[in-house]
Amino acid sequence: MSTLFVTLFAALLVASPVAAQQPATIDPGMTRAQVVARLGEPLSSRAFDGFTYLLYKNGCEKKCGMNDLVVLDSGKVVDAVFRAPGRRYTGTSSSPRMISMADAKRDANRDAKHAPPAPLKKPNP
């Protein structure tokens, strides 16, 4: 009996790191209960006009400017926006891909260089 216990315990130790590396995957059509089973209870939830918005902490709220989001329409997943590396949406997300801070600064500098000059103000008579 103790050999079986040791074998099972060793198997769990070996399998745990592999399971921890697998992303929590959300699929279109999942129910709220299925989402909660995969991601846990949301940080907050909002409902409006048949849609439910589930918000999850992602660890980059300041950097990303948002929580992770799962959108349900009539109780089924229709969209998700994830910034946490351990989460994945198999559908087509409405969010563009996240860009790095360096890319954002580079694009802002490039846009500023190509912007038309500000119009001159006429002095008041």
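Could you list, in sequence order, all residues of segment 45-96 that are touching a residue at least 60 places away in the same chain (Cβ under 8 Å) and over 14 Å from I26 (Cβ atoms)? First the steps, then the outcome.
Restricting attention to segment 45-96, the residues satisfying the condition of being touching a residue at least 60 places away in the same chain (Cβ under 8 Å) are 85-91.
The one that is touching a residue at least 60 places away in the same chain (Cβ under 8 Å) and over 14 Å from I26 (Cβ atoms): P85.
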Inset, instruction - Would you please name the residue that is modelled with the lowest pLDDT, looking only at residues in segment 73-107 that are loosely packed, with under 12 Cβ neighbours inside 10 Å and part of a helix (DSSP H, G or I)? - result: D107
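When only residues in segment 25-51 that are closer than 23 Å to R87 by Cα and either modelled with pLDDT under 95 or basic (K, R) (or both) count, which is surrounded by the fewest Cβ atoms within 10 Å (Cβ to Cβ)? Break it down into steps so the answer makes sense when it comes.
Residues of segment 25-51 closer than 23 Å to R87 by Cα: 25-47, 51.
Adding the requirement that they be either modelled with pLDDT under 95 or basic (K, R) (or both) leaves 32, 38, 46.
Working: R32: 16, R38: 15, R46: 10.
Across segment 25-51, the extreme among qualifying residues is R46.
Just to verify a result, which residue in segment 51-72, among those that are of a type in the set (D, E, K, R) and either touching a Lys or Arg at 6+ places or on another chain (Cβ under 7 Å) or part of a helix (DSSP H, G or I) (or both), is nearest to A33 (Cα to Cα)? Give the derivation first.
Looking only at segment 51-72, we keep the residues that are of a type in the set (D, E, K, R), and these are 57, 61-63, 68.
After this cut, where a residue has to be either touching a Lys or Arg at 6+ places or on another chain (Cβ under 7 Å) or part of a helix (DSSP H, G or I) (or both) as well, the list is 61-63, 68.
Working: E61: 25, K62: 28, K63: 29, D68: 17 Å.
The qualifying residue nearest to A33 (Cα to Cα) is D68.
The values are calculated or read from the model by the stated rules, or taken from the named source; none is laboratory data. Given the structure is predicted, the values throughout are model-derived calculations rather than measurements. In this analysis, Cβ positions are derived from the backbone assuming ideal geometry, glycine residues included, and neighbour counts consider all displayed protein chains.
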